[in-house]
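Just so it is clear, none of the values below were taken in a lab; they were calculated from the coordinates. These numbers come from a predicted model, not from an experiment. Don't worry about glycine lacking a Cβ; one is built from the backbone with ideal geometry, like all the others, and counts go over all protein chains shown.
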Amino acid sequence: MNQPNPYQQGGQQPQQPVQPNPYQQAGQQPQQSVQPNPYQQAGQQPQQPVQQQAVPGGVVNPYGTPAAQQSLPGQGGPAHKMSMKNLLFSGQGRIPRSTWWITLLIVGVLNLIIFFGMVSTTLFSLMSENYDAAKDAIEQAETGTTATINPEDAKAPSMAPVFLGFLAMIPLLWICFALHAKRWHDRGKSGWLAALAIIPFVNLWLLIECGFLRGTVGPNQYGPDPLNGQV
């Protein structure tokens, strides 16, 4: 016969006595029992809960993995990072304004170096080839005789530097076209609008569109947002 508990209120269910664990050390907290997952296969390790990480701008993708939430400035995260080869030579994808400006300035400096190299080399070739004829004309002028240059003695400058310079400019021009195409893609428009760069006055509109206006927020038909929602 159970003895009544003098500390138990009326109508309250009596508590079951807790059996001590013979394998538990003295002073150790009892371990909570783990409920089995009915959807987990036998022998499979239980999955740890995934902590969602917020990308810059406070936007969290509930369906994205932690690696996809981490972003690189101007590249839209590791999954959207563009290789140097695709940046310079591919017309696919999207790039932000900062990438467009920096790459275009570098290409412009290279174009100027090649151009001035062609001009200086051609002038040097012209002067060196006709040095003897010019020297004779100066000597004739100093002696009071008529300074004449025989056209047969004059030589045309070498066109090899000009030819090589134009060959070097071809890949640089393609790089400019690829950069413009990816910026138009970022604006949600066709990359063929990059051809407007060769039309005077119309190319000013290209400068405004590609250099100062933000691309479409979020992914579009040309790829993901390279800024991940940032302004």
Using 0.36 nm per residue of separation minus the Cα-Cα distance, give me the extension gain between L105 and S83 in nm, one decimal. 6.0 nm
Report the gain in length on full extension from L172 to I113: 0.36 nm times residue separation, minus Cα-Cα distance, nm rounded to one decimal. 20.0 nm
Within the range 170-191, find all residues whose amide N lies under 14 Å from a label point positioned 7 Å from the Cα of Q92 along Cα-to-beta-carbon. 182
Rounded to 0.05, the calculated FRET efficiency for the beta carbons of F212 and S120 at R₀ = 41 Å is 0.70
